[in-house]
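Engineer: One structure is given below, represented as structure tokens, and several questions about it will come after.
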There are 4 protein chains.
Amino acid sequence: MKFPWEDLVPREEQELYRAAGFGKKLGVGKRPALLIIDVQYRTVGHKPQPIKEAIAEYATSCGEYGWRAVANIRKLLGVFREKRLPVIYPHVALKNQANGGRFADKVPNVMTVPEKGYAFVKDIEPQPGEILLPKNHPSAFFGTPLTSYLIDQGVDSLVVTGCTTSGCVRGTVVDAFSYNFRAMVPFECVYDRSQSSHAVNLFDIASKYGDVVSTDEAVRLIAAL
Amino acid sequence: MKFPWEDLVPREEQELYRAAGFGKKLGVGKRPALLIIDVQYRTVGHKPQPIKEAIAEYATSCGEYGWRAVANIRKLLGVFREKRLPVIYPHVALKNQANGGRFADKVPNVMTVPEKGYAFVKDIEPQPGEILLPKNHPSAFFGTPLTSYLIDQGVDSLVVTGCTTSGCVRGTVVDAFSYNFRAMVPFECVYDRSQSSHAVNLFDIASKYGDVVSTDEAVRLIAAL
Amino acid sequence: MKFPWEDLVPREEQELYRAAGFGKKLGVGKRPALLIIDVQYRTVGHKPQPIKEAIAEYATSCGEYGWRAVANIRKLLGVFREKRLPVIYPHVALKNQANGGRFADKVPNVMTVPEKGYAFVKDIEPQPGEILLPKNHPSAFFGTPLTSYLIDQGVDSLVVTGCTTSGCVRGTVVDAFSYNFRAMVPFECVYDRSQSSHAVNLFDIASKYGDVVSTDEAVRLIAAL
Amino acid sequence: MKFPWEDLVPREEQELYRAAGFGKKLGVGKRPALLIIDVQYRTVGHKPQPIKEAIAEYATSCGEYGWRAVANIRKLLGVFREKRLPVIYPHVALKNQANGGRFADKVPNVMTVPEKGYAFVKDIEPQPGEILLPKNHPSAFFGTPLTSYLIDQGVDSLVVTGCTTSGCVRGTVVDAFSYNFRAMVPFECVYDRSQSSHAVNLFDIASKYGDVVSTDEAVRLIAAL
């Protein structure tokens, strides 16, 4: 197995991080929750397409990169449901005049995604009893009751999936790390529009904030709990 | 002028972001504050050295990358002081048994930096009346009273400098964005250990969270307020 | 005019606070927002009734105490709308298995309020463009994007109305104070089930966290902006 | 045993709360931490005195009410230390020009307490390894890394002591409740300047946010863990 950043971050820099002692493993914790972030049609489109075409449907789409991840998230979701571990869906709340803020300034197209784009992708949509967490900002923790949910449910660790790697996934992992939850990112379960940004953000996470693993390893670790 | 990511993020991906409408400018706001994050000897060493040697002094050092930024921050700091705009020093609080948390697990070497490494770099050290903000986590907002300070002082925007680009700078900019403050990053005033991670994090910021500008442009914009 | 606590908090204690220098005035700020907290049928019932009867309809009802406040809030709301100042409705989100937490343990009856109880009281219901802010916890700031809204809209002060004085109003005022927003509570616009708790919480607020004024004074102050 | 509010909140109101189903018990949790809030000389004075005289020494003093609580906190602290459960000292950080904010406006005297007033009361001062948590605002959670500490240490509940009942204790309990930690307040271990406000705030806590118990019961519950 190869990590997405191996051919992108110069070998010399990777060695520097190792020499300085970055990137130790956190492990999985005793009671992880699964976060499925922003897997709404607005980030994948209504069918798999190359991203260049996909952004014509939704400017926020990651196209087929997203659909590939959906298939992997599905596997992981199955194990979490079997184990009756918490499954949480942080997702972009319908944008309106009031909640645009700096996001509307920076990426005006986020404001014009039609309402059907906000629907959850059917293949991995929430089941009754799973937690829906609307949000306005990148991190699933910011301006939401996520911390309270996790404390209530005795959660000590998170498996973070969805999109984008360099946006809401990254922001959520950094906040999880700051709250002292253990975070794990199965790299085939997260997606982004830029593959270089995707890779480097995974490198940052693996070096400083959480564990980056394959889907298979994540499935194995959760199944073994 | 060339942005650090221009030769690193594939041209095709940069075009994709433009086509999707990412990366609009926020502008500077009416009352910016300057954040100088973690410019302590632990991140630059006691004298400029190539990073490979620098990490032998402090595992957390960015070596001469840091010293180059210090000279640029100094220019910017001069303008903020002249204009009597708020200057804030978020900085790593002395690590101890109690505040290590996941950071201690992930990068054990952060726990053994000797106390003298926590001193502010003299060239740009705080003056009386400037705000010291000790923190345990990447973002200067997390677990600190920064938001309250900014609201009290009527600040609407931040100029973010210091280190690391992919760590505390990135985390702080994302939180500033989420709180709806305008954030600006003069790219020669921030530093990191990996130059690829530095560049890609600046690309992420410029695309989604804040304005990335040269030191000269930042100086000009603040001087014009 | 007499404050609700004047006959309840011993004169000696009131003097003690004055002697120690508590209770100075904050004033109204330049751009206040109006918060109308939890004015849903679940807190007033579908018609005015003495509270003893009202709790048979909804255990969470304050009965006619609430209806009296609604009439006063209406006056204030009119001025805010005329002035085109922000109006925000923090309100209790529909309780479910996932968001009960300690509240469900402490007051189990909050979990069984029927859905129609969550509707806004028609006399002062939100208009298009006004901000709806669902919440699970007492303070309108906790686990919500309220701070981001206020910063985005350049708000520097809050006029806090609704219920309960000793619950969500108190919690919101303390957080507003902590964020360094100026808070003002028009005492006839807030309500509670216990009149002694109502009065003492207003005393606490007036002494330490915000300004307590009559509805008339609040109307006058806002109209004069 | 009698609760402080029993003779102060009208019997009729107490019955109303019971009828509506308020005030159920939370219990102690599996791993409580002890919070000792603001037990610094600035809140009790350097020797026990009636409060009227005490405020001449420090405007923020609660005088002999505080000293009585100190003796009770000491008992509880002994049990926590024996059991090696976490002990945390949230305390008022030295006030300066930058951190006064609305507090300085509302109670200007807080700004002029001399530095020696900030020292911890010797009888229950922190031991090495116990956590010091400087704060600017009422709640021990606000603008501090307390939540991160508690998650790191696997804490699920808090025993809250110190002062003032209607200020930092109340604010901390409401935030603990909002984060879904179980909170317990041994009423003889908390103190305030107004005895009516003290009593009513304990009534609010017992009704809605946490368990109010005697020191003896708290000691017994912790010792039994």
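Engineer: Quick one: work out the % antiparallel among DSSP beta bridges in the protein assembly as shown, nearest 5. Walk me through the numbers on the way to the answer.
Structural biologist: Numbers: 4 of 88 bridges.
The antiparallel proportion sits near 5 percent.
Engineer: Of all chymotrypsin sites (Phe, Trp or Tyr not before Pro) in region D:1-95, which ones are in loop regions per DSSP and have a Cβ with at most 12 other Cβ atoms within 10 Å?
Structural biologist: none
Engineer: Work out from phi, with θ = phi - 60° and the Karplus expression 6.51 cos²θ - 1.76 cosθ + 1.60, the ³J(HN,Hα) of each residue of region C:84-98, listed in order in whole Hz, and give x for Gly and Pro.
Structural biologist: 6, 8, x, 10, 10, 10, x, 8, 5, 6, 3, 6, 9, 3, 8
Engineer: Just to be sure I understand: chains D and C are related by a rotation, so which residue of D has its Cβ closest to that axis, and how close in Å?
Structural biologist: That would be D:VAL200, 2, residue then distance in Å.
Engineer: If you don't mind, there's one more thing I want to ask. Distance in nm between label sites at D:LYS2 and B:LYS24, each 7 Å beyond Cα in the beta-carbon direction?
Structural biologist: Going by the 7 Å Cα→Cβ label model, 6.6 nm.
Engineer: Amide H to amide H under 5 Å from B:THR164: which residues, 5+ apart in sequence or cross-chain, H placed 1.01 Å off N in plane?
Structural biologist: Amide H to amide H, under 5 Å and 5 or more residues apart or across chains, B:THR164 pairs with B:VAL169.
Engineer: Another question, if that's okay. Past the 29 Å Cα-Cα mark, which pairs from B:LYS75/B:LYS208; C:LYS2/C:LYS24; B:LYS208/D:LYS95; A:LYS208/C:LYS95? Kindly include the intermediate steps, with their values, before the conclusion.
Structural biologist: Working: B:LYS75/B:LYS208 27 Å; C:LYS2/C:LYS24 17 Å; B:LYS208/D:LYS95 37 Å; A:LYS208/C:LYS95 37 Å.
Flagged as over cut-off: B:LYS208/D:LYS95; A:LYS208/C:LYS95.
Engineer: Related question: Going 7 Å from Cα along the Cα-Cβ axis for the label, what nanometre distances separate D:GLU53 from the same residue across the other copies?
Structural biologist: 5.6, 6.8, 8.8
Engineer: While we're on this one: From the phi of every residue in region C:131-142, what ³J(HN,Hα) in whole Hz does the Karplus formula 6.51 cos²θ - 1.76 cosθ + 1.60 yield, where θ is phi - 60° and glycine or proline is x?
Structural biologist: Karplus-based 3J(HN,Hα) across region C:131-142 equals 9, 9, 10, x, 8, 9, 10, x, 5, 5, 8, 6 Hz.
Engineer: Run through every distinct alpha carbon pair of region A:97-225 and return the Kirkwood hydrodynamic radius in angstroms, one decimal place.
Structural biologist: Working: mean 1/r = 0.0624 Å⁻¹.
Answer for region A:97-225: a Kirkwood hydrodynamic radius of 16.0 Å.
Engineer: Average partner chain C-beta neighbours within 10 Å, per residue of C:137-146?
Structural biologist: Working: counts 8, 6, 5, 0, 3, 9, 11, 4, 14, 1.
Mean partner-chain Cβ count within 10 Å for C:137-146: 6.
Engineer: Measuring label to label, 7 Å along Cα→Cβ, what does A:ALA19 give against each other copy in nm, shortest first?
Structural biologist: Those separations, rounded to one decimal, come out as 4.1, 6.9, 7.7 nm.
Engineer: Taking only DSSP H segments of four or more residues, each worth -39500 (n - 2.57), what value at 222 nm results for the protein assembly as shown once the sum is divided by all its residues, to the nearest 500 deg cm²/dmol? Could the numbers behind the result be given before it?
Structural biologist: Values: 36 runs with 324 residues, N = 900.
Roughly -10000 deg cm²/dmol at 222 nm, from the helical runs in the protein assembly as shown.
Engineer: May I ask you to report, in nm to one decimal and beginning with the shortest, the distances from C:PRO126 to the same position in the other copies, taking label points 7 Å along Cα-to-Cβ?
Structural biologist: 1.7, 4.0, 4.2
Engineer: Counting only other chains, and only Cβ atoms inside 10 Å, what mean value do you get across the residues of D:189-200? Before the final figure, lay out the partial values.
Structural biologist: Details: counts 0, 0, 0, 2, 6, 12, 4, 10, 10, 2, 2, 13.
The per-residue average across the peptide is 5.
Engineer: Note down the relative contact order for region D:2-160 as a percent, whole number, built from C-alpha pairs under 8 angstrom at least six residues apart.
Structural biologist: On the way: 203 pairs, mean separation 48.0, N = 159.
The normalised contact order for region D:2-160 reaches 30 percent.
Engineer: Do any trypsin sites (Lys or Arg not before Pro) in region D:1-105 lie in a loop, going by DSSP, with at most 10 other beta-carbon atoms within 10 Å of their beta carbon, and if so which? All intermediate terms of the calculation are to be shown ahead of the outcome.
Structural biologist: Working: sites: D:LYS2, D:ARG11, D:ARG18, D:LYS24, D:LYS25, D:LYS30, D:ARG42, D:LYS52, D:ARG68, D:ARG74, D:LYS75, D:ARG81, D:LYS83, D:ARG84, D:LYS95, D:ARG102; in loops: D:LYS2, D:LYS24, D:LYS25, D:LYS30, D:LYS83, D:ARG84, D:LYS95.
Passing both the DSSP loop test and the Cβ count: D:LYS2, D:ARG84.
Engineer: For B:VAL213, what residues show an amide H to amide H distance below 5 Å, using hydrogens built from the backbone and excluding near sequence neighbours?
Structural biologist: B:VAL185, B:PHE187
Engineer: Could I ask something else about it? Give me, ordered by chain and number, the residues 5 or more places off A:GLN153 or on other chains with an amide H under 5 Å from its own placed amide H.
Structural biologist: none
Engineer: With springs only between Cα atoms under 10 Å, which of B:GLY21, B:GLY100, B:GLY162 fluctuates most in a Gaussian network model of chain B?
Structural biologist: Between B:GLY21, B:GLY100, B:GLY162, it is B:GLY21 that shows the largest mean-square fluctuation.
Engineer: If you don't mind, there's one more thing I want to ask. Once you have the alpha carbon radius of gyration of the protein assembly as shown, what is it after dividing by 2.2 N^0.38 Å, with N set to its residue count? Can you show the working numbers first?
Structural biologist: On the way: Rg = 26.8 Å, N = 900, 2.2 N^0.38 = 29.2 Å.
Here the Cα radius of gyration is 0.92 times the empirical estimate.
Engineer: Rounded to the nearest 5, what % of the DSSP beta bridges within chain D are antiparallel ones? Could you put the intermediate results ahead of the total?
Structural biologist: Working: 1 of 22 bridges.
Close to 5 percent.
Engineer: Same structure, new question: Using a/c under 1.5 as the rounded threshold, could you call region C:161-202 rounded, prolate or oblate? The axes a ≥ b ≥ c are square roots of the C-alpha gyration tensor eigenvalues, and prolate needs a/b larger than b/c, oblate otherwise.
Structural biologist: Details: a/c = 2.31, a/b = 1.89, b/c = 1.22.
Because a/c hits 1.5 or more and a/b exceeds b/c, region C:161-202 counts as prolate.
Engineer: Rounded, prolate or oblate: which one fits region C:44-149, using the alpha carbon gyration tensor with axes a ≥ b ≥ c (rounded when a/c is under 1.5, else prolate when a/b beats b/c, else oblate)?
Structural biologist: On the way: a/c = 2.39, a/b = 1.19, b/c = 2.00.
Oblate shape, in that a/c is at least 1.5 and b/c is the bigger or equal ratio.
Engineer: Pop the C-beta distance of B:ARG220 and D:ASN96 into the FRET formula with R0 = 41 Å and round what comes out to the nearest 0.05. Write down the numbers at each step before the final one.
Structural biologist: On the way: r = 33 Å, r/R0 = 0.79.
Calculated value: 0.80.
Engineer: Which whole-angstrom value gives the distance between the alpha carbon centres of region C:12-32 and region A:97-129?
Structural biologist: 44 Å
No value in this document is a laboratory result; all are computed from the given coordinates. The model shown is predicted, which means the values in this text are computed figures rather than measured ones. Methodologically, a virtual Cβ is constructed for each residue, glycine included, from the backbone with ideal geometry; neighbour enumeration extends over all protein chains shown.
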